[in-house]
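Single-structure report; data block below.
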Amino acid sequence: MLTLPQNFGNIFLGETFSSYISVHNDSNQVVKDILVKADLQTSSQRLNLSASSAAVAELKSDCCIDDVIHHEVKEIGTHILVCAVSYTTQTGEKMYFRKFFKFQVLKPLDVKTKFYNAETDEVFLEAQIQNITTSPMFMEKVSLEPSIMYNVAELNTVNKAGESVSTFGSRTYLQPMDTRQYLYCLKPKQEFAEKAGVIKGVTVIGKLDIVWKTNLGERGRLQTSQLQRMAPGYGDVRLSLETIPDTVNLEEPFDITCKITNCSSERTMDLVLEMCNTNSIHWCGVSGRQLGKLHPSSSLHLALTLLSSVQGLQSVSGLRLMDTFLKRTYEYDDIAQVCVISSKVKEH
């Protein structure tokens, strides 16, 4: 006799399936060479879960052979536990029987990701995680393992009295059908950021590692596949801002630092900078100056001074780069915003 319950309850992807198997001799005879085998059949493979493949020499009347099997569930859908028992009777007759126990593996979480490209090389990843089970979950860990190209900073804590406190509170329970957003900032490592031609096209960001516990403390773990994003195309020449003040005074000069990168992997450029005033932004300095030759995948930093004649949130526009080799002009408008306020007037 082989006993297992017909209903396993809910089993979810990422959890560990455990089963206690008991083979009991109901007869009044001693049987010999008992072999118990437990296989798990999934839609794609058949796994042997038996702890031992050796036969038990004999099993006396009213005695049991017990085994505990474990398996980390990595597929959703129908699973069949196949338990087979073979033995030899006292008369030397070889006997064999098996039982099938079918159960469904369900998906516990729904994970959606969104990428946001900053004006710098930073990338922000928002991970939306929804509990699609019928029970609360304790979210033990949600982390991002970055690829070799990036460093990651988790933005899911706030600083309170010198301590990092989770934005979700001290008890991070996720109720059924609730969704939680996790935010991460990825920045290219220095050796990759300096090579402008490297971070192009589809790049691998990393993968999410999610660990949770259910009602009775059973732990589950899921890792997503490698997350990929399409890097924004910057064309031949990229202009990005390294430094700019948040707030400036009306009609007072302020400084910004630009980074100009030759995104071409083959062609050297000879660049000329032109600065065109707008209705609110006025550039200080000489327009039409030579920046010199810029080799493939290399960068230069440029300090510029400007002022605003209009209050409010103003857009920095009007930079032009001309490649004298190809006689091609690259226009850069709305590269950043700055808040312009009225200068403080001294009271007399």
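The values are calculated or read from the model by the stated rules, or taken from the named source; none is laboratory data. Every value quoted in this text rests on a predicted model; they were computed, and no experiment measured them. Cβ placement follows ideal geometry from the backbone for every residue including glycine, while neighbour counts extend to all protein chains displayed. Side chains included, ligands, DNA and RNA excluded: accessible areas come from the protein's heavy atoms. Shrake-Rupley method; radii C 1.70, N 1.55, O 1.52, S 1.80 Å.
Taking the DSSP bridge list for the chain and keeping only pairs wholly inside it, about 95 percent are antiparallel. Take the Cα of GLN311, step 7 Å toward its Cβ, do the same at GLN104, and the gap between the two points is 6.4 nm. Every pair of different Cα atoms in the chain enters the Kirkwood calculation, which places the hydrodynamic radius at 26.4 Å. Could you tell me the calculated FRET efficiency between LYS32 and ILE148, based on Cβ-Cβ distance and R0 = 45 angstrom, to the nearest 0.05? Computed FRET efficiency for LYS32 and ILE148 comes out at 0.20. Label positions at SER18 and GLN90, each projected 7 Å from the Cα along the C-beta direction, are separated by 3.9 nm.
Rolling a 1.4 angstrom probe over the chain with all protein chains present gives an accessible area of which 50% lies on carbon and sulfur atoms. Counting Lys and Arg as +1 and Asp and Glu as -1 over every other residue whose Cβ lies under 14 Å from the Cβ of ILE65, the net charge comes to -3.
Among 107-116, 141-150, sorting by the average number of other beta carbon atoms lying within 10 angstrom of each residue, highest first, gives 141-150, 107-116. Derived value for region 2-106: Kirkwood hydrodynamic radius 14.7 Å. Basis is the mean of 1/r over every pair of different alpha-carbon atoms. Counting only DSSP beta bridges with both residues in region 237-341, the antiparallel share comes to about 95 percent. Rounded to the nearest 20, the size of the Cβ-charge dipole of the chain about its Cα centre is 620 debye, with Lys and Arg at +1 and Asp and Glu at -1. Farthest toward the positive end of the dipole of the chain, out of HIS71, GLY318, THR257, is the Cα of HIS71, where the dipole comes from beta carbon charges about the Cα centre. Each part gets one Cα centre, and for region 11-32 versus region 275-348 those centres are 75 Å apart.
Note on LYS114/ASN10: beta-carbon distance plugged into 1/(1 + (r/R0)^6) with R0 of 30 Å gives a FRET efficiency of 0.50. Connecting C-alpha atoms closer than 10 Å in a GNM of the chain, tell me which of TYR184, TYR332, TYR173 has the biggest fluctuation. For the chain, modelled as a Gaussian network with Cα springs under 10 Å, the answer is TYR332. Length gained on full extension, GLU122 to ARG320, computed as 0.36 nm times the residue gap minus the Cα-Cα distance: 68.9 nm.
Solvent-accessible area per residue in the chain equals 56 Å², computed with a 1.4 angstrom probe and all protein chains kept. Were the residues from SER53 through SER164 laid out at 0.36 nm apart, the gain over their Cα-Cα distance would be 34.9 nm.
Of the candidates GLU154, GLU331, GLU15, which one comes out as most mobile in a Gaussian network treatment of the chain with C-alpha springs shorter than 10 Å? Looking only at GLU154, GLU331, GLU15, the largest GNM fluctuation is found for GLU331. Using just its DSSP H runs of length 4 or more, each adding -39500 (n - 2.57), the chain gives a mean residue ellipticity at 222 nm of 0 deg cm²/dmol after division by all residues. For the chain, modelled as a GNM whose springs connect Cα atoms under 10 angstrom apart, the maximal fluctuation among GLY92, GLY235, GLY318 occurs at GLY92.
For the chain, the relative contact order works out to 12 percent when only alpha carbon pairs closer than 8 Å and six or more residues apart are counted.
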